[in-house]
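The values are calculated or read from the model by the stated rules, or taken from the named source; none is laboratory data. Everything numeric in this text was worked out from a predicted model, so none of it was measured. With ideal geometry, Cβ positions are generated from the backbone for all residues, glycine too; neighbour counts draw on all protein chains shown. To get the accessible areas, we keep the full protein, side chains included, count just its heavy atoms, and leave off ligands, DNA and RNA. Shrake-Rupley method; radii C 1.70, N 1.55, O 1.52, S 1.80 Å.
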Amino acid sequence: MTYGMDVREPMRVPQSAEIIDYVVRNGARLDDAHRFLIDRTRELFGDRAGMQIAPEQGALISLLTRLIGARKAVEVGTFTGYSALCIATGLPADGELLCCDISEEWTGLAREGWRRAGVDDRIRLRIGPALDTLRGLPDVADIDLSFIDADKPGYRAYYEELLRRTRPGGLILLDNVLFGGRVLDPAADGPAAALRELNPALAADDRVDLVVLPLADGLTLARKR
Ligand SMILES: C[S@@+](CC[C@H](N)C(=O)[O-])C[C@H]1O[C@@H](n2cnc3c(N)ncnc32)[C@H](O)[C@@H]1O
């Protein structure tokens, strides 16, 4: 791989199942509430559990929330609450996280996990199309951190609504940006095509500093300038 430049190939660890297991065991501190949401999601919703972010992503999101001293956060796409738990535990006790989802059923389990972790009082859940919820927020740039993980064709609009409400230095995180590698396929349609179009647009967006991490299914970190 040359990236179009004459550079030495850096070291990269192959992402085997064993390496991922090692990373999670040594790099993600899973407490009872994390484990409850992982296990119960699998029991209740089977293969849908694959929608949950990976534990190593959750650890990073928690750390980023703390690192930037976030007090006000927004999540688009909550499912059974694992990523929200990771954000909420990174917030101070008087911090607030607004969660957007359309499923009462999935987020019912989320509420139980948040209660077990003792962070339910920091989280407000809004059921309804996320774009309506975001557009209903005050047009004030006071959000510290957002996490976008809902329907992929909606990402661009969520990003725009959130970016205008994010304070300078605040972060927007976007999950699944590599979409199982299908962003490389020019013939891909649907969600993969939405992300294939979004990624270069974000890379060229001079309103943010940006990095794409090949972590799990791909996680973009965009910092508002
Ligand atoms: C990939 S899952 C989120 C996973 C979650 N972040 C986690 O770590 O467990 C996507 C979620 O987006 C929600 N969703 C899909 N379309 C939506 C929309 N238009 N507005 C709000 N939520 C939506 C789905 O109900 C689903 O729970």
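Brief remarks on what is shown
- Length gained on full extension, residue 48 to residue 102: 17.9 nm, using 0.36 nm per residue less the C-alpha separation.
- Under the Karplus curve 6.51 cos²θ - 1.76 cosθ + 1.60, θ = phi - 60°, whole-Hz ³J(HN,Hα) for the stretch 118-124, x wherever Gly or Pro sits: x, 10, 4, 6, 9, 10, 10
- The modelled label-to-label distance for the pair residue 142/residue 182, using points 7 Å beyond Cα in the direction of Cβ, is 4.0 nm.
- Under-5 Å amide H pairs with residue 75, H placed in peptide plane, nonlocal only: 98, 99, 100, 147
- Per-residue packing, averaged as other Cβ atoms within 10 Å, sorts the ranges 204-215, 149-160 into the order 149-160, 204-215, beginning with the highest.
- Rolling a 1.4 angstrom probe over the protein heavy atoms with all chains in place gives the stretch 29-224 an accessible area of 45 Å² per residue.
- Shown are 105, 161, 75, whose ranking by accessible area with a 1.4 Å probe and every protein chain present, most to least, is 105, 161, 75.
- If the segment from residue 18 to residue 31 were pulled out straight at 0.36 nm per residue, it would be longer than the present Cα-Cα gap by 2.5 nm.
- DSSP-defined beta bridges in the chain - what % are antiparallel, rounded to 5: 35
- Of the solvent-accessible surface of the chain, computed with a 1.4 Å probe and all protein chains present, 54% belongs to carbon and sulfur.
- A 1.4 Å probe over all protein chains sorts 82, 22 by accessible area into 22, 82, starting with the largest.
- Computed 3J(HN,Hα) for the stretch 98-103, one whole-Hz value per residue from the Karplus formula 6.51 cos²θ - 1.76 cosθ + 1.60 where θ = phi - 60°, is 9, 10, 10, 7, 10, 10, glycine and proline marked x.
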